[in-house]
2 protein chains.
Amino acid sequence: TAAFPQLEKSQEESLVDNLLQWSLANGLVIYPPNFKSYQPVSAPTTLYPTPFPKVAFQDAKDVQLLFNELYAKVASDEKFLFGIIDELAQFDSDFTGKLWETYIKAKNQGIVQPLSLGIFRSDYMVNEIEGKKPQIKQIEFNTVSVSFGGLSEKVGELHNYLNNHGDYSLDEDSSKFYKTEDLPISDSIKKLSDGLADGDYYYNNQKKSTGTIVLVVVQDRERNVFDQRLLEFALLSNHGIKSIRLTLSEIESKTFIEPNSKKLFIKSTNDEVSVVYFRSGYAPTDFNSQKDWDNRLILETSKAIKAPTLLTQLAGAKKIQQILTDEEIISKFITKNPETENNFSQLLDTFVAIYPLDNSPKGLDAKKLALETPDNFVLKPQREGGGNNIYKQDIPNFLKSIPEKDWAGYILMELIHPQHYQNKILRDGEIYNEPIISELGRFGTIVFNQESGEILSNNDAGWLLRSKFESSNEGGVAAGFGCVDSVVLN
Amino acid sequence: TAAFPQLEKSQEESLVDNLLQWSLANGLVIYPPNFKSYQPVSAPTTLYPTPFPKVAFQDAKDVQLLFNELYAKVASDEKFLFGIIDELAQFDSDFTGKLWETYIKAKNQGIVQPLSLGIFRSDYMVNEIEGKKPQIKQIEFNTVSVSFGGLSEKVGELHNYLNNHGDYSLDEDSSKFYKTEDLPISDSIKKLSDGLADGDYYYNNQKKSTGTIVLVVVQDRERNVFDQRLLEFALLSNHGIKSIRLTLSEIESKTFIEPNSKKLFIKSTNDEVSVVYFRSGYAPTDFNSQKDWDNRLILETSKAIKAPTLLTQLAGAKKIQQILTDEEIISKFITKNPETENNFSQLLDTFVAIYPLDNSPKGLDAKKLALETPDNFVLKPQREGGGNNIYKQDIPNFLKSIPEKDWAGYILMELIHPQHYQNKILRDGEIYNEPIISELGRFGTIVFNQESGEILSNNDAGWLLRSKFESSNEGGVAAGFGCVDSVVLN
Ligand SMILES: Nc1ncnc2c1ncn2[C@@H]1O[C@H](COP(=O)(O)OP(=O)(O)OP(=O)(O)O)[C@@H](O)[C@H]1O
Ligand SMILES: Nc1ncnc2c1ncn2[C@@H]1O[C@H](COP(=O)(O)OP(=O)(O)OP(=O)(O)O)[C@@H](O)[C@H]1O
Ligand SMILES: [Mg+2]
Ligand SMILES: [Mg+2]
Ligand SMILES: [Mg+2]
Ligand SMILES: [Mg+2]
């Protein structure tokens, strides 16, 4: 059977009608640029779910707990991080440097909360090679402000609704085009909010609902606010935990710290904050001045559990990802014990080659590769949020434009080549019909002790499929070149 | 305690933020004028739930099944309707006349479906007189295209969310301002979609899910589409019943009738229609030409169950409402049997005086009243959908402007004087702070045999509170002078 229903024009029109109105009635929405607070638009989505190999989908699930553990262990190993980040900070003094500097300040002032909440997303594309088992390959591991857990669940429900409603069916008997069991729905709204509740629970010495609240640190005029709100609403209705949203620059004026206990409170309500959930603070533009960094410091030294701590955020640096592709190094954090052996090799199998661009032997090889066969690579700085990478033919000129000593601030990563699909993207009511490629994200939540490395809870938290035109190098949904999608397993 | 929280400016701002984003994430939305299909706005709502007397709220529930039965019996009494409507048709040949004419045509062609589905809403305002029990007084009984069952459930959830989130609380301990048990949530989405499923069930000789579908007859570019969609989505997810939306003018081109069985089918999918659910066809503007009336006739003579049939729609005429205020007449349809005695008198208690304006002794009295004390009255033509009534001082001049023989097409109704409340209305992000008054609607669904009068199912289906500025005479939400609200029982 074909990957996608081949609908007639009138069928497609009624599909689009149903899709848009379902989206708008069910919170699958974002704010458009220059929005009014009462007027969203439907989030960009595909018309159809995109085929995804069942084995690869399962692989991503299988390795998630071990990946959570890996990054928790890294974040708990200050010495290891110091060795890497302290050097890296030179190349990126504006951001990695500031994160590190803020951590050092926090440490000097005293870090009173040993627990850290990881809300992670491991991103993959599928390498499909004729005759071989399709294999997930990791794009990156995100340890701060992972998004689309809210909209992901919604788009899965959307595609299921359209399938159940017969909108994908071609023939007159209106049966379903896809089997329901092939259209899984991510439970990421529930699971991610459960993760926040876990943080609250451990903050309160394993007691539920003591009235403490979650502080969501947000960007000013965030457009992807509904993705965040869906988690907040679930947190309140499933766990009775309230949340409040502040920007980084509001922290000083709207919160206060109890000097002895270092407990963090909201001024207007006297609410005690158990968890600080960062949906901002992952990019230089999130800090407008030293005051915002000072506010980040206030939060880091408070007793509230941070999701993530500065160390956990730094553990997600691209440089760390590169270093962890070395089996010897990764084995210091997670071990091949009989119980996890399978997952461990599954995890290693998700890595493609990632090279440093320094003067180590590996680095020197990589410099040659970057200049001679750039088409196989993407060059990444220590940044998050999309739009920062340099692709293929652009790499040599870019490298030549900066001093060679600064190259060490970048990593060189093998490009993954996922299959293209002729799905359609709907954006602002318009249908785009170009080949797309998809990226699977798997969410995870983990509570761990950053001082001892002990893990208190560790959970898979659903998944996300984002798709973008094959022709565009980056895939940010809010940024305008991608959309949320769901899988049809095959 | 005060009726409403007296919030500070900053508290109100964050309340509005939470309110808007909850609404947009949960389908409490409508399309603005000249909308794009992917861009809704939050529905106008009150900031707070509005006080409503518990006893009066219960009264409306208590009488709903009996009201459903009453109007089912009236719709089943063709002779009674003939005596009234045939005369009324003269005064309003454009609409009541056309409905009646179309019914007569259908009858001549042969009506093959004896069953009728009533989806009703009985509307009330509360008369609160010092020292007396607050009493619901009926504004009107709607038998066609009753709306806001979808948004009503949502606004109840909204006000509960805000209360649970502490957004209404004034003091520092962030407790709830209202008791949860005083903020009931209407279950009208579920109940109204259950009503549609009842129609499907009886169409299929009491079998569930045979693959038949519901045809929703809609207005072109309906702005209140999400209110309708919420019922459709529940119908699919709770009952597995699909629905399709067509305008009246699309009926001929997009459906066909099987000549022998008179079964109604959708051309593109061959789906058999069990229930035709009218969310259009209640106002003259819904019919653009004789062709639309012909299409209405096609539906009426099909085997599908209509919600409502033409007779059921006509039973909701304001004139019928007036006639039914006579205890002798109403007793012909519902009787004071020991079981229902209490409800029967409760039902009678909901009536205010309604007069004919004809040459009967009562009518002659009423003409005097209309001209001499118009401030006590509202004058109503045989129309639905708001904006048609004449109020108070406007009545004498209006009556004088038309021939006296045409006055009989109107009814004169005593004005109800509900209490004003200083709630606030939020519309397009702006807060309006003027005294408001509220109207309670109670939904009901009933399947009955229009030939025999037999009742097959009869259910209460939740409720609606709409509020409007006291200064505006009409309260249509979509029309722009009202909003959806919920109750805080007291
Ligand atoms: N090795 C790769 N092969 C193919 N495409 C890649 C590779 N690495 C990155 N990309 C593409 O570039 C995009 C951005 O890369 P990456 O996710 O590493 O950057 P980022 O700045 O951390 O973005 P974000 O955190 O917003 O997801 C990816 O979503 C993917 O589409
Ligand atoms: N007796 C009355 N006392 C006070 N207000 C009234 C009375 N009758 C009607 N109104 C006001 O006028 C509005 C419209 O009246 P009514 O509901 O009878 O008209 P309609 O055209 O059938 O409207 P719709 O079907 O859209 O609700 C009511 O919602 C109410 O606000
Ligand atoms: Mg990424
Ligand atoms: Mg990233
Ligand atoms: Mg009305
Ligand atoms: Mg009406």
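The values are calculated or read from the model by the stated rules, or taken from the named source; none is laboratory data. Only a predicted model underlies this, so the values are computations on that prediction, with no experimental measurement involved. FYI the Cβ positions are ideal-geometry reconstructions off the backbone, even for glycines, and counts take in every protein chain you see.
Tell me, please, whether a residue that is on the phi < 0 side of the Ramachandran plot, part of a loop (DSSP other than H, G, I, E, B), more than 10 Å from chain A (Cβ to nearest Cβ) and of a type in the set (S, T, N, Q) can be found in the range B:5-18. It would help to see each step written out before you state the result.
To start, the set of residues in the range B:5-18 that are on the phi < 0 side of the Ramachandran plot comprises B:5-18.
Remaining after also requiring part of a loop (DSSP other than H, G, I, E, B): B:5-8.
Imposing the further condition that a residue be more than 10 Å from chain A (Cβ to nearest Cβ) reduces the set to B:5-7.
Within this subset, residues satisfying the condition of being of a type in the set (S, T, N, Q) are B:6.
Checked against the condition, which is being on the phi < 0 side of the Ramachandran plot, part of a loop (DSSP other than H, G, I, E, B), more than 10 Å from chain A (Cβ to nearest Cβ) and of a type in the set (S, T, N, Q), the range B:5-18 yields at least one hit.
Would you be able to say whether some residue in the range A:438-453 is part of a loop (DSSP other than H, G, I, E, B) and under 30 Å from A:Asp187 (Cα atoms)?
Applying the first criterion (part of a loop (DSSP other than H, G, I, E, B)) to the range A:438-453 yields A:450-453.
Remaining after also requiring under 30 Å from A:Asp187 (Cα atoms): A:450, A:453.
Checking the range A:438-453: at least one residue is part of a loop (DSSP other than H, G, I, E, B) and under 30 Å from A:Asp187 (Cα atoms).
Contact map, the range A:187-202: residues that are of a type in the set (Asp, Glu) paired with residues that are part of a helix (DSSP H, G or I) and surrounded by fewer than 21 Cβ atoms within 10 Å (Cβ to Cβ), Cβ distance under 9 Å, separation 6+ or inter-chain. Pairs shown: A:Asp194/A:Asn238; A:Asp194/A:His239; A:Asp200/A:His239. Is it the case that the range B:170-190 has a residue that's surrounded by 24 or more Cβ atoms within 10 Å (Cβ to Cβ) and either away from chain A (no Cβ under 14 Å) or within 16 Å of ligand 3 (Cβ to nearest atom) (or both)? Yes, there is a match, as at least one residue in the range B:170-190 is surrounded by 24 or more Cβ atoms within 10 Å (Cβ to Cβ) and either away from chain A (no Cβ under 14 Å) or within 16 Å of ligand 3 (Cβ to nearest atom) (or both).
Here's the yes/no breakdown for (1) more than 16 Å from ligand 4 (Cβ to nearest atom); (2) modelled with pLDDT of 95 or more; (3) buried (at least 18 other Cβ atoms within 10 Å of the Cβ):
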residue: A:Phe398; (1), (2), (3): yes, yes, no
residue: A:Glu414; (1), (2), (3): yes, yes, no
residue: A:Glu434; (1), (2), (3): yes, no, no
residue: A:Thr445; (1), (2), (3): yes, yes, yes
residue: A:Asn449; (1), (2), (3): yes, yes, no
residue: A:Glu454; (1), (2), (3): yes, yes, no
residue: A:Leu464; (1), (2), (3): no, yes, yes
residue: A:Ala479; (1), (2), (3): no, no, no
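In the range B:422-445, the residue that is nearest to ligand 1 (Cβ to nearest atom) out of those that are over 15 Å from B:Phe4 (Cα atoms) and among the basic types (Lys, Arg) is B:Arg427. Which one is farthest from the other protein chains (Cβ to nearest Cβ), of the residues in the range B:436-454 that are out of contact with any Gly (no Cβ under 8 Å at 6 or more places or on another chain) and more than 16 Å from ligand 5 (Cβ to nearest atom)? Step by step, filter the range B:436-454, then rank; the result is B:Gly453.
Taking the criterion of being in a helix (DSSP H, G or I), in contact (Cβ under 8 Å) with a residue 60 or more places away in the chain and either among the β-branched types (Val, Ile, Thr) or over 29 Å from A:Asp358 (Cα atoms) (or both), the residues of the range A:90-115 that qualify are A:Thr96, A:Thr102, A:Ala106, A:Gln109.
May I ask you to verify whether A:Thr285 is among the hydroxyl-bearing types (Ser, Thr, Tyr) and surrounded by 23 or more Cβ atoms within 10 Å (Cβ to Cβ)?
Details: among the hydroxyl-bearing types (Ser, Thr, Tyr): yes; surrounded by 23 or more Cβ atoms within 10 Å (Cβ to Cβ): no.
It is false that A:Thr285 is among the hydroxyl-bearing types (Ser, Thr, Tyr) and surrounded by 23 or more Cβ atoms within 10 Å (Cβ to Cβ).
Answer yes or no: is there a residue in the range A:252-268 that is surrounded by fewer than 23 Cβ atoms within 10 Å (Cβ to Cβ), in a helix (DSSP H, G or I) and touching a helix residue (DSSP H, G or I) at 6+ places or on another chain (Cβ under 7 Å). There is at least one residue in the range A:252-268 that is surrounded by fewer than 23 Cβ atoms within 10 Å (Cβ to Cβ), in a helix (DSSP H, G or I) and touching a helix residue (DSSP H, G or I) at 6+ places or on another chain (Cβ under 7 Å).
B:Ile320 meets the stated requirement of being modelled with pLDDT of 95 or more, of a type in the set (A, V, I, L, M, F, W, C) and out of contact with any strand residue (DSSP E or B) (no Cβ under 6 Å at 6 or more places or on another chain). Among the residues of the range B:120-143, some residue qualifies, meaning at least one is outside any strand (DSSP E or B) and within 16 Å of ligand 5 (Cβ to nearest atom).
Checked against (1) in a loop (DSSP other than H, G, I, E, B); (2) away from ligand 3 (no atom under 16 Å from the Cβ), A:Val146 passes all but condition (2). For the range A:147-164, residues that are surrounded by 24 or more Cβ atoms within 10 Å (Cβ to Cβ) and of a type outside the set (A, V, I, L, M) total 8.
Only one residue in B:Ile402, B:Ile334 is surrounded by 17 or more Cβ atoms within 10 Å (Cβ to Cβ) and among the aliphatic types (A, V, I, L, M), so which one is that?
On the way: B:Ile402 fails: surrounded by 17 or more Cβ atoms within 10 Å (Cβ to Cβ).
Matching residue, one of B:Ile402, B:Ile334: B:Ile334.
Of the residues that make up the range A:409-428, is at least one in contact with a Phe, Trp or Tyr (Cβ under 6 Å, 6 or more places away or on another chain), in a helix (DSSP H, G or I) and farther than 28 Å from A:Val488 by Cβ? Yes, the range A:409-428 contains at least one residue that is in contact with a Phe, Trp or Tyr (Cβ under 6 Å, 6 or more places away or on another chain), in a helix (DSSP H, G or I) and farther than 28 Å from A:Val488 by Cβ.
Considering the range B:262-278, the residues that are more than 11 Å from every other protein chain (Cβ to nearest Cβ) and either without any contact (Cβ under 8 Å) to a residue 60 or more places away in the chain or under 23 Å from the mean Cα position of the chain (by Cα) (or both) include one that is farthest from B:Ser145 (Cα to Cα), namely B:Lys263. Counting only residues that are more than 14 Å from chain B (Cβ to nearest Cβ) and assigned to a helix (DSSP H, G or I), the range A:192-245 holds 11 of them.
For A:Val55, are the conditions met, namely being more than 30 Å from B:Val16 (Cβ to Cβ) and either among the polar types (S, T, N, Q) or surrounded by 21 or more Cβ atoms within 10 Å (Cβ to Cβ) (or both)? Break it down into steps so the answer makes sense when it comes.
On the way: more than 30 Å from B:Val16 (Cβ to Cβ): yes; either among the polar types (S, T, N, Q) or surrounded by 21 or more Cβ atoms within 10 Å (Cβ to Cβ) (or both): no.
Here the answer is no, as A:Val55 does not meet what is asked.
Checking the structure you have, find out if any residue of the range B:275-287 is more than 16 Å from ligand 6 (Cβ to nearest atom), assigned to a strand (DSSP E or B), in contact with a strand residue (DSSP E or B) (Cβ under 9 Å, 6 or more places away or on another chain) and hydrophobic (A, V, I, L, M, F, W, C). Yes, some residue in the range B:275-287 is more than 16 Å from ligand 6 (Cβ to nearest atom), assigned to a strand (DSSP E or B), in contact with a strand residue (DSSP E or B) (Cβ under 9 Å, 6 or more places away or on another chain) and hydrophobic (A, V, I, L, M, F, W, C).
Taking only the range B:23-46 into account, find how many residues are more than 10 Å from chain A (Cβ to nearest Cβ) and surrounded by 24 or more Cβ atoms within 10 Å (Cβ to Cβ). The number of residues fulfilling the criteria is 2.
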